[in-house]
1. Take the residues of the stretch 360-375 that are out of contact with any helix residue (DSSP H, G or I) (no Cβ under 6 Å at 6 or more places or on another chain), closer than 14 Å to Arg346 by Cα and open to solvent by 10 Å² or more (accessible area, probe 1.4 Å): which is nearest to the ligand (Cβ to nearest atom)?
2. Could you name every one of the helices (runs of 4 or more DSSP H) located completely within the stretch 264-353 that has at least 3 residues being within 16 Å of the ligand (Cβ to nearest atom) and either on the phi > 0 side of the Ramachandran plot or open to solvent by 10 Å² or more (accessible area, probe 1.4 Å) (or both)?
3. Working carefully through the options Leu182, Leu158, find the one that is outside any strand (DSSP E or B) and either surrounded by 24 or more Cβ atoms within 10 Å (Cβ to Cβ) or modelled with pLDDT of 95 or more (or both).
4. Starting from the stretch 366-381, take each residue that is without any contact (Cβ under 8 Å) to a residue 60 or more places away in the chain and list its partners that are polar (S, T, N, Q) and open to solvent by 20 Å² or more (accessible area, probe 1.4 Å), counting only C-beta distances under 9 angstrom and pairs at least six apart or across chains.
5. Within 21 Å of Tyr325 (Cβ to Cβ), touching a helix residue (DSSP H, G or I) at 6+ places or on another chain (Cβ under 6 Å) and within 16 Å of the ligand (Cβ to nearest atom): is that true of Tyr434 in this structure?
6. For the structure I just gave you, tell me whether Leu471 is open to solvent by 50 Å² or more (accessible area, probe 1.4 Å), within 24 Å of Phe595 (Cβ to Cβ) and modelled with pLDDT of 95 or more.
7. Got a sec? Which of Gln593, Gln584 is more than 16 Å from the ligand (Cβ to nearest atom), under 26 Å from Gly410 (Cβ atoms), out of contact with any strand residue (DSSP E or B) (no Cβ under 7 Å at 6 or more places or on another chain) and modelled with pLDDT of 95 or more?
8. Can you list residue pairs whose Cβ atoms sit under 6 Å apart, with the first residue in the stretch 124-136 being of a type in the set (Phe, Trp, Tyr) and the second being assigned to a helix (DSSP H, G or I)? Count only pairs 6 or more apart in sequence or on different chains.
Amino acid sequence: MCGIICYCGKKQAVPILINGLKRLEYRGYDSAGFSVVSEPGKSKSNKVRKNIIVKTKGRVFQLENKMEGIDIDATYGIAHTRWATHGKPSHINAHPQTDCSGKIGVVHNGIIENYKEIKEDLIRKGHVFKSETDTEVIAHLVEEFFTLCGGNLENAVLKTVQKLSGTFGIAVIHSDVDHKILIAKRGSPIIIGVGENECLAASDSNALAPYTNKMVYLSDDEIAVLTPNDYYIKNLSNETLDKKVEILESNDYKEDKRGFEHYMLKEIFEQPESLENAMRGRLIEGEGVSKLGGLEPVIDRIKNTKQLIIVSCGTSYYSGLLGRYIFEHLTELNIEVELASEFRYRRLKLNEEIAVLALSQSGETADTLAAIKEAKRKGALILGIVNAVGTSIAQITDAGVYNHAGPEIGVASTKIYTSQLVILTLMALLIGRYQGVSFIEGSEITDALLKLPGQVREILKEAPQIEKIALQYAKYKNFLYIGRLFNYPTALEGALKLKEISYVHAEGYAAGEMKHGPISLIDKNFPTVAIAPDDLTLDKMISNMQEIKARSGKILSITNPGVKKVIDISDDIITVPRTIPILQPVLNIIPLQLFAYYIAREKGRDIDKPRNLAKSVTVE
Ligand code: G6P
């Protein structure tokens with residue numbers, strides 16, 4: 001939520017900042033802006049450095065348009081793309097925010113919870129506020145402390161941060177302080193990129209990747225000072241810290257849409273490779289077991305675990321729901337799945353015999369982060385499945401597994417969902433083989449896993465056919481998605497895909513629950529998507545589908561080839577290859593991702609950046 005990029009070096013800052021914002025736009029896209037300090041000119045009238053703030057409501061390209069014909073000579077600055085929390089999207093609420101003197105620029109990702117008290121106090125001291133944002137208090141606080149600290153920006157930011165409660169990744173510049181950018185972190189990500197004669201910082205490493213592969217990840221309550229040739233990091237007690245420089249793997253950085261119309265479509269089509277990457281080096285075929293190096297340090301604790309609680313949000317929550325069925329099927333563990341935003345407020349009896357597993361693409365989702373912090377406090381073992389390397393959730397876990405799926409840019413998650421399902425299966429297999437799962441059963445699972453990427457390729461070849469079907473359904477305003485057991489989460493995720501990118505109402509339901517309410521909605525204008533593979537629940541699914549037909553409801557079914565019972569009762573059919581029941585959802589979701597995509601495209605929606613949403617939700 002909100003993207004920050006900073007540059008301090010010798011090159012022109014504005015183009016670098018704008019490019020960075022384009023890479024971060026998935027994090028928020030209702031307004032954008034930058035603050036740079038201009039170099040003093042040769043003329044008498046321009047002998048001092050000036051803080052120049054340019055911002056706009058709307059997208060980064062609108063900011064870029066605003067810059068046409070304007071030349072700013074500046075070699076350091078900060079920039080921001082916003083997802084509004086306090087104050088509607090507008091020019092005045094866009095970041096950077098500034099102080100009374102206009103010399104300070106501040107960008108912020110997160111929420112300052114005590115901003116009202118701070119604001120009232122600063123107003124009493126004579127500060128004049130212009131925006132409705134919580135962020136503006138940071139600029140005025142820095143202004144206040146800058147004077148008190150005799151013009152020392154570092155101390156002013158340190159004192160400011162000590163006053164703030166809530167979450168933040170912030171960057172600050174001051175036009176009286178030459179070539180220095182101050183950044184600070186609590187709860188929201190900010191990463192330093194160390195270049196040749198230049199230092200950068202950003203909300204994610206992908207925005208820094210074109211300039212450097214040397215990353216330094218700040219932890220909570222750390223501040224850093226960036227100059228062109230150096231950087232140093234301190235904690236809030238003003239002690240200098242020695243932090244490791246991490247090298248970003250080159251495949252963590254992908255440039256463009258590779259010819260696809262949208263990132264979402266590219267990411268749907270990347271699933272054969274993202275599944276291969278999720279499994280690479282993690283299967284011991286001859287032994288019917290998996291090998292997850294990231295879990296090895298805690299494997300003894302895992303073996304003694306009695307209960308596993310999966311916590312996550314959004315699509316990651318739905319993969320967690322399926323994870324419950326997979327773990328129940330393969331292990332002796334008691335499994336609970338909880339929305340992270342609820343988990344953190346529950347009165348749970350956690351202890352060291354309980355493991356809490358966070359699922360998160362971004363590794364920054366505020367609710368998931370808060371949930372595992374709470375669980376850690378109570379002594380539980382904290383595990384993670386995270387895609388974005390080095391992020392806050394990855395840092396807090398005791399052990400975990402990376403997806404290695406490459407960046408997911410489209411706001412609607414696709415390749416990470418299927419990658420999470422595969423890694424959950426690998427984890428359950430690892431634990432299950434210490435428990436009841438036999439070599440034969442384990443081998444069936446490893447065989448099925450290895451076939452998945454090829455089977456996904458087969459489904460993707462059918463995209464033109466799926467598109468034709470989707471276009472026939474694009475006129476409907478409401479959809480019901482139903483499934484049973486392993487495919488109940490598929491119904492939820494399929495419906496979520498449609499609603500988030502096409503803005504069409506869609507409800508996911510457990511098929512057996514349909515008769516307790518949603519069936520009252522069914523008529524000829526309310527189609528149902530039935531996820532009805534050839535498994536043990538098929539006869540019950542058929543009964544539910546008959547109930548829909550009896551009410552003139554239209555049915556589109558996702559099933560396996562040649563399942564006559566489903567063919568007979570459905571208006572339209574999409575078939576997917578057969579696999580073992582626990583993995584069938586990995587294949588079943590692919591046509592549903594494409595179905596949602598083609599309907600949204602037909603409706604002319606902004607598929608990669610749907611309205612009101614953001615990719616990385618760093619507010620609670
Ligand atoms: C946002 C995104 C979703 C994502 C959810 C959880 O809502 O739009 O696509 O599923 O956050 O994100 P995470 O990064 O924790 O998986």
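1. Residue satisfying both the conditions and the ranking: Ala370.
2. The qualifying helices (runs of 4 or more DSSP H) are 314-330.
3. It is Leu158.
4. Thr368/Ser341; Lys376/Thr397; Lys378/Asn351; Gly379/Asn351
5. Answer is no for this residue.
6. Yes: the conditions hold for Leu471.
7. Gln584
8. Short answer, once both residue conditions are applied: Phe129/Glu136.
The values are calculated or read from the model by the stated rules, or taken from the named source; none is laboratory data. On a predicted model such as this, the values are computed, not experimentally measured, just so you know. With ideal geometry, Cβ positions are generated from the backbone for all residues, glycine too; neighbour counts draw on all protein chains shown. SASA here: full protein model, heavy atoms, side chains in, ligands and nucleic acids out. Shrake-Rupley method; radii C 1.70, N 1.55, O 1.52, S 1.80 Å.
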